[in-house]
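Each remark here refers to the structure printed beneath this line.
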Amino acid sequence: MKSAPFDYVRPRTVAEASALLAQAGVNAAAIAGGQSLVPMLNLRVAQVDLLVDLSRLDELKAVGETSENLQIGALTTHAAIEDGMIPDPFGGLMRRVASTISYRAVRNYGTIGGSIALADPAADWTGCLIALGAVVRIGGRNGAREQAVEDFVQGTYSTSLGPGEVILGFDVPRSDAPLRCGFAKVARKSGAFANSIAYVVVQGRGGLVTVVLAAAAPRPIVLAGAARHLASGVDSEDALRAAVADDLKTYLPDADPYETRLHISTVVRAARDMRTQT
Amino acid sequence: MKITVELNGAKVVHDVEPRETLADFVRDRCGLTATHLGCEHGACGACTVVVDGQVTRSCLVLAVMCDGRSIDTLEGLRNNPAMEVLRKHFHECHGLQCGFCTPGMLIMARDILQRLPGPDANTVRHELSGQICRCTGYTGIVKAIVAAGQELARDTPNG
């Protein structure tokens with residue numbers, strides 16, 4: 001299990017990284033924590049001529065808070081989020097999500113930017129950041145651009161990242177009303193890739209509700225019917241189950257009975273979890 | 001590519017191929033074979049080492065990415081006080097059978113006790129879920145870590 005040979009560079013600035021990635025095109029890959037890319041290279045499901053190491057770029061490590069946003073640098077590790085090293089004005093949701101990703105040794109390296117850039121359908125951060133309405137900041141040769149994470153992630157291992165573009169970080173909007181966030185995940189063993197993840201975010205009482213189901217399809221699904229039910233204030237789990245079942249018929253028409261039951265269950269558990277947050 | 005690392009407290013300079021993992025670097029270039037390679041894709045935890053104080057799967061990082069870093073393998077933790085306590089309890093609780101997973105188990109156990117002093121068995125089981133023992137000797141391993149945690153917490157009540 002050895003990777004095919006490649007060249008390795010450690011640029012000093014994002015601009016330099018961007019130029020190197022653009023120049024080498026599809027034969028280059030950016031590496032941050034490498035916890036997915038290194039095994040993919042070793043298994044030779046990914047092959048590159050040039051590896052551009054972003055892991056020491058301080059520009060990608062900045063974390064900040066304004067009255068409107070939490071800004072998370074792309075190189076922020078899962079372990080740093082788990083340990084509360086960055087603010088979490090979302091009722092501890094991000095800390096809890098981080099603590100369930102893979103294993104501690106992997107969380108010490110894996111980064112939030114790397115997770116979004118890879119866009120694995122079972123990744124934890126894509127669904128979470130979509131549920132929180134986050135925006136991704138992207139740097140490239142032609143300056144910076146921003147895009148909603150929901151639009152950035154396009155499918156299995158597919159994003160809108162163009163040649164030479166690098167994820168700089170994320171802006172997660174803060175809500176005026178206190179957020180209540182719920183989360184539930186089913187994986188065959190703790191730390192393994194999930195089979196179903198649900199996020200429920202409610203802004204205050206009677207405010208905007210977002211329900212996101214991840215690990216169910218090539219990209220996370222925003223469940224409109226389930227959100228409508230939760231926003232209605234009707235406190236009935238049977239009605240929520242029915243609403244999710246209707247959503248699944250629309251968004252996942254090919255789901256088998258087990259998958260349907262599993263996804264309904266994670267959404268219901270995420271809603272319960274949300275209700276425990278005061 | 002030339003890299004310089006502090007390996008078990010000593011400065012080491014080596015030429016490495018960019019594709020070389022840290023695991024292959026410590027085993028093949030440096031002859032430190034306590035670091036075991038089980039799955040080589042991050043699933044088993046046998047190759048766990050410490051880089052800049054953080055537990056690391058040495059099969060999932062490239063040696064070139066560790067340039068300038070400080071690396072501890074199990075060999076370098078021989079005289080570490082927590083490791084001495086852990087070794088004693090692994091011995092007393094039958095925390096190993098074939099021993100293949102043991103280096104990774106010991107390094108991960110030390111990390112668990114540092115982050116979560118005096119853990120109960122459930123916490124240890126959860127935190128250890130990334131370390132695989134193919135002899136399935138988890139009962140003894142968990143017991144050993146809980147016992148070591150209690151002894152260390154007793155000896156250092158303020159952490």
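Quick note: the coordinates plus some simple rules give every number you see, no bench work behind them. What you see is a predicted model; the values in this text were computed from it and never measured. Using ideal geometry, Cβ is built from the backbone for each residue, glycine included, and neighbour counts are taken over all protein chains shown.
For chain B, what does the relative contact order come out to in percent, with C-alpha contacts under 8 Å and a separation of six or more?
24
Could you work out which residue, out of A:53, A:171, A:235, moves most in a Gaussian network model of chain A, that is, has the largest mean-square fluctuation with Cα springs under 10 Å?
Taking springs between Cα atoms under 10 Å, the residue moving most is A:235.
Which shape class applies to the protein assembly as shown: rounded if a/c is under 1.5, otherwise prolate when a/b exceeds b/c and oblate if not, where a ≥ b ≥ c are the square roots of the Cα gyration tensor eigenvalues?
Here the protein assembly as shown falls in the oblate category.
Averaging sequence separations of C-alpha pairs under 8 Å and six or more residues apart, then dividing by the length of chain A, give the relative contact order as a whole percent. Write down the numbers at each step before the final one.
On the way: 584 pairs, mean separation 45.3, N = 278.
Relative contact order of chain A: 16 percent.
When Lys and Arg each count +1 and Asp and Glu each count -1, what net charge do the other residues less than 13 Å away from residue A:231, Cβ to Cβ, add up to?
After counting each charged neighbour, the total is +2.
Taking a ≥ b ≥ c as the square roots of the Cα gyration tensor eigenvalues, with a/c under 1.5 meaning rounded and otherwise prolate when a/b beats b/c, else oblate, which class fits the range A:133-231? Don't skip to the end; give the middle numbers.
Details: a/c = 2.25, a/b = 1.33, b/c = 1.70.
Here the range A:133-231 falls in the oblate category.
Which of the three applies to the range A:167-278, rounded, prolate or oblate, going by the alpha-carbon gyration tensor with a ≥ b ≥ c and a/c under 1.5 meaning rounded?
Details: a/c = 1.64, a/b = 1.18, b/c = 1.39.
Oblate, because a/c is 1.5 or more while a/b does not exceed b/c.
So for B:139, B:123, fewest C-beta neighbours within 10 Å to most, what's the order?
So the residues, fewest neighbours to most, are B:139, B:123.
Kindly put B:84, A:82 in sequence by how many other C-beta atoms sit within 10 Å of each C-beta, fewest to most.
B:84, A:82
Just want to confirm a number: the relative contact order over the range A:58-173, from Cα pairs under 8 angstrom separated by 6+ residues, in percent.
29
Using a Gaussian network for chain A with springs between C-alpha atoms less than 10 Å apart, which of these wobbles most: A:194, A:144, A:80?
A:144
What is the local net charge at residue A:133, summed over the other residues whose Cβ is closer than 11 Å to its Cβ (Lys, Arg +1; Asp, Glu -1)? Please report the intermediate quantities before stating the final value.
On the way: positive: A:174; negative: A:150, A:171.
Value of the local net charge: -1.
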